[in-house]
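Worksheet: one structure, shown below.
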Amino acid sequence: MPLKIRLGNGEKGILKTSDVYFIQKLLKTMRNPRTRFDGREFVEKGEDYLFNYVGKNVGGVDEGRRNFLKGLVIGVAAATVVGIVPGLRVLVPPVQQASGFPKSLLLDSSGNPLKASSIPVNSPIITLYEYPLTGEPNFLLNLGDKNGNPVSVPGVEVVVPQTGKSYKFPGGVGPNNSIVSYSAICQHLGCTPPYIHFYPPNYVGPSQLTAPEPDTLTAQALLAAKQANIPALIHCDCHGSTYDPYKGGAVLTGPTVRPLPTVLLEYDSSTDYLYAIGALGVATYPEGSDGVPSQNPSADLDTSQYGSVVGDKTQVQANTNPFSGS
Ligand code: FES
């Protein structure tokens, strides 16, 4: 479903799914050290620098949507430079559950079925798999308490602060009901790992206030974790959004106003295998023209640009420890 938004310059427009991906791509490019966006140049030279940058690094703007996307691009650049968030913050996406998505067996990095009981509790290593499309990363977490014992994660109602609506997160799965999975795309402006990642209990403390990116925690995040009485959290270093992994990826601190979408997992206790079977929450996947997620989630996308459906298997990769240098 197209989404109505008001741009930072006051102009109204309709945000299409492809626009969201365009913005995500732009943000990723801006954060890339090789193509880093120079905020000082933007302030000095304004739109000339900005659109040269976009044309060179992101491939330009669709001519038919030039004016609309110009407003969005300016909003994103302004947000990056001054840390405020015009435009995208007023998105009002629907809350709904996807159906008809593939049932995908999770494989380990060697290509064998991943055993749920082998997933380390509270691992700091960023553990991701793609679902439902290639290029759409999701966290796989085995949650524990501060002593490293697995924690049974109950079902809970998750509120979307942006709309006031809520949906039911079904809780953890696996031998201890401690395994959960969330989209690894920050729901503020789309930053991806390593900027957004899980902070285990031994990294939720005052020493993270001065840790280098991507391991900084804000004082607000620490306070929110304390108030929520949780030992670990998910935090995005781009602008400080914090999510509660024990409560369905609920928002702990903004600027995000949307929880992390959940990937629904099914556990087969006879084999110890895990399957991704759908997604729940504010939609980050493509939608059909009626606003309902497509039976085939790639149907609304240009697959050459945004990936294709992962099929009946998807591989889990666990190979980056963002804290290794700290
Ligand atoms: S993209 Fe802004 S907080 Fe994550």
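In the stretch 104-149, what residues are within 20 Å of the chain's Cα centre (by Cα) and either β-branched (Val, Ile, Thr) or part of a loop (DSSP other than H, G, I, E, B) (or both)?
As a first pass, look at the stretch 104-149 and keep what is within 20 Å of the chain's Cα centre (by Cα): 104, 106, 122-143.
The answer is Asn122, Ser123, Pro124, Ile125, Ile126, Thr127, Tyr131, Pro132, Thr134, Gly135, Glu136, Leu143.
Quick check on the stretch 185-201: of everything there that is under 17 Å from Val158 (Cβ atoms) and among the hydrophobic types (A, V, I, L, M, F, W, C), which residue is nearest to the ligand (Cβ to nearest atom)? The residue in question is Cys186.
This table checks each residue for (1) modelled with pLDDT of 95 or more; (2) touching a strand residue (DSSP E or B) at 6+ places or on another chain (Cβ under 7 Å); (3) of a type in the set (Val, Ile, Thr).
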{"site": "Asn122", "(1), (2), (3)": "yes, yes, no"}
{"site": "Leu140", "(1), (2), (3)": "yes, yes, no"}
{"site": "Asp145", "(1), (2), (3)": "yes, no, no"}
{"site": "Val156", "(1), (2), (3)": "yes, yes, yes"}
{"site": "Lys165", "(1), (2), (3)": "no, yes, no"}
{"site": "Ile179", "(1), (2), (3)": "yes, yes, yes"}
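A residue that is in a loop (DSSP other than H, G, I, E, B), within 18 Å of the chain's Cα centre (by Cα) and within 23 Å of Pro120 (Cβ to Cβ) occurs nowhere in the stretch 172-181. Of the residues making up the stretch 181-233, those that are under 30 Å from Leu26 (Cβ atoms), surrounded by fewer than 21 Cβ atoms within 10 Å (Cβ to Cβ) and aliphatic (A, V, I, L, M) number 4.
Test Thr210 against the criterion of being at pLDDT below 95, within 16 Å of the ligand (Cβ to nearest atom) and either under 20 Å from Val121 (Cα atoms) or among the polar types (S, T, N, Q) (or both), and give yes or no. Steps first, please.
Numbers: at pLDDT below 95: yes; within 16 Å of the ligand (Cβ to nearest atom): no; either under 20 Å from Val121 (Cα atoms) or among the polar types (S, T, N, Q) (or both): yes.
When the stated conditions are applied, Thr210 does not pass them.
If you take just the strands (runs of 3 or more DSSP E) that sit entirely in the stretch 214-326, which of them hold at least 3 residues that are over 30 Å from Lys115 (Cβ atoms) and at pLDDT 90 or above? Can you show your working first?
Values: elements: 233-236, 242-244, 250-253, 262-268, 273-282, 313-315, 317-320.
Per the criteria, 250-253.
The values are calculated or read from the model by the stated rules, or taken from the named source; none is laboratory data. Source: prediction; values computed, not measured. Here the Cβ is made from the backbone with ideal geometry for all residues, glycine too, and neighbour counts use every protein chain on show.
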